[in-house]
1. For segment 204-217, indicate whether the set of residues that are in a helix (DSSP H, G or I) and touching a Ser or Thr at 6+ places or on another chain (Cβ under 8 Å) is non-empty.
2. Could you list, in sequence order, the residues of segment 53-112 that are in a helix (DSSP H, G or I), of a type in the set (Val, Ile, Thr) and surrounded by fewer than 18 Cβ atoms within 10 Å (Cβ to Cβ)?
3. Report, ordered by the first and then the second residue, all pairs with beta carbons closer than 9 Å, sequence separation of six or more or different chains, a first member in segment 223-252 that is among the acidic types (Asp, Glu), and a second member that is crowded, with 21+ Cβ neighbours inside 10 Å and assigned to a loop (DSSP other than H, G, I, E, B).
4. Of the residues Pro273, Pro194, only one is within 17 Å of the chain's Cα centre (by Cα), surrounded by fewer than 20 Cβ atoms within 10 Å (Cβ to Cβ) and either at pLDDT 95 or above or not small (Gly, Ala, Ser) (or both); which?
5. Being under 26 Å from Asp218 (Cα atoms) and crowded, with 17+ Cβ neighbours inside 10 Å is true for just one of Leu37, Leu28. Which residue is that?
6. Give the residue that is nearest to Phe83 (Cα to Cα), with candidates limited to residues of segment 197-234 that are surrounded by fewer than 20 Cβ atoms within 10 Å (Cβ to Cβ), within 11 Å of the ligand (Cβ to nearest atom) and among the small types (Gly, Ala, Ser).
7. Would you please name the residue that is nearest to Val45 (Cα to Cα), looking only at residues in segment 238-251 that are in a loop (DSSP other than H, G, I, E, B) and more than 14 Å from the ligand (Cβ to nearest atom)?
8. Can you confirm whether Gly184 is at positive phi and surrounded by 21 or more Cβ atoms within 10 Å (Cβ to Cβ)?
Amino acid sequence: MQAAGQVVTRFAPSPSGPMHVGHLLAALEARRLADALGGSCVLRVEDIDARAQKPEWLALMYEDLAWLGLRFDGEVMVQTQRFGVYAAALEKLRGIGLLYPCFCTRTEIRAHVLESGRAPHATLGYLYPGTCKYLPPDEVQARLAAGQEHSWRLDMERVLDLVGCPEWHDSYRGTQRCVPTEYGDVVLARKEFPTSYHLAVVVDDAAQGVTDVTRGEDLFDATHIHRALQAVLGLPVPRYHHHTLLRDNAGKRLAKRDGARSLQSLRQSGFSPAQVMESLAAALKNGGIWEI
Ligand code: GLU
């Protein structure tokens, strides 16, 4: 348990492929901020999406972190061990009338959004058009009773009524105001996943006492959703630091599919941890373009 007022950062990788240099940047940002402020940096394994993950990737992640000499403080939190905690948060939201069941498939949602002439959101994809929100209660009960597959969505209009437009702060872009209804009614749980990334991340940041969230700027928009959830769940609000992403020469974001930039392949091709760190520093000086 950290001392009151102490800074806590976190590195929260999803082991859904071999870690690449982008993950290293995220880990270093968290570690460096904690070190600079005399705080601690915790590790959280975000492994709720079992379909996308393999135990060998988790093992490889630990190997890569050890090879790089990256260390974390305290106990590692593992999301698949915490489904009961997420279920309790979900129950709380249900209790205040913020959830509704949605029977739509992804294909239906996509078709509906495209039909309405709207483009997908740049980072959040096809925002839910609200199709199931106003289903007659009898129909909802009948479909639930018949066991029809469904997810649970957060009713952002009610969130807005309840908490308004809460603020949050990003160290790169300044104070932000979250307008809950701009991000669609996000899914918080579905049959195969009793929680979603959005719910787990806010619950866990609070549980780990995270004061400062460092993560890639691809998650900037998701932070509005997280802020809305913190407001309705009464959770503390960390400071945010959405850092730049590494890109290749063509300007394309490095991703897990870029096996060549995986830490494992760099290691196997004879790079030392110091050389990887130097290349990363060079990339950051060069607008985030990773040259290797
Ligand atoms: N688990 C997410 C990822 O690996 C990061 C989540 C976060 O930093 O909030 O992309």
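1. Keep residues of segment 204-217 that are in a helix (DSSP H, G or I), which gives 204-207, 217.
Next, from what is left, pick out any that are touching a Ser or Thr at 6+ places or on another chain (Cβ under 8 Å): 217.
So far as segment 204-217 goes, yes, one or more of its residues are in a helix (DSSP H, G or I) and touching a Ser or Thr at 6+ places or on another chain (Cβ under 8 Å).
2. Keep residues of segment 53-112 that are in a helix (DSSP H, G or I), which gives 55-68, 79-81, 83-95, 106-112.
Those still in the list that are of a type in the set (Val, Ile, Thr) too: 80, 85, 107, 109.
Of everything in segment 53-112, those that are in a helix (DSSP H, G or I), of a type in the set (Val, Ile, Thr) and surrounded by fewer than 18 Cβ atoms within 10 Å (Cβ to Cβ) turn out to be Thr80, Val85, Thr107.
3. Listed by first residue and then by second, the contacts come to Asp248/Leu254; Asp248/Trp290.
4. Numbers: Pro273 fails: within 17 Å of the chain's Cα centre (by Cα).
Sole residue among the options that is within 17 Å of the chain's Cα centre (by Cα), surrounded by fewer than 20 Cβ atoms within 10 Å (Cβ to Cβ) and either at pLDDT 95 or above or not small (Gly, Ala, Ser) (or both): Pro194.
5. Values: Leu37 fails: crowded, with 17+ Cβ neighbours inside 10 Å.
The unique qualifying residue is Leu28.
6. Out of the qualifying residues, it is Ala222.
7. Within segment 238-251, the first condition is being in a loop (DSSP other than H, G, I, E, B), and the residues that meet it are 238, 244-246, 248-251.
Now narrow it down to the ones that are more than 14 Å from the ligand (Cβ to nearest atom): 244, 248-251.
Working: Thr244: 22, Asp248: 26, Asn249: 30, Ala250: 31, Gly251: 29 Å.
Checked segment 238-251; the qualifying residue nearest to Val45 (Cα to Cα) is Thr244.
8. On the way: at positive phi: yes; surrounded by 21 or more Cβ atoms within 10 Å (Cβ to Cβ): yes.
Judged against the criteria, Gly184 is a match.
The values are calculated or read from the model by the stated rules, or taken from the named source; none is laboratory data. Note that the coordinates shown come from a computational prediction; the quantities given were computed from them, not determined experimentally. For neighbour counting, all protein chains shown are included, and Cβ atoms are generated from backbone atoms with ideal geometry for every residue, glycine included.
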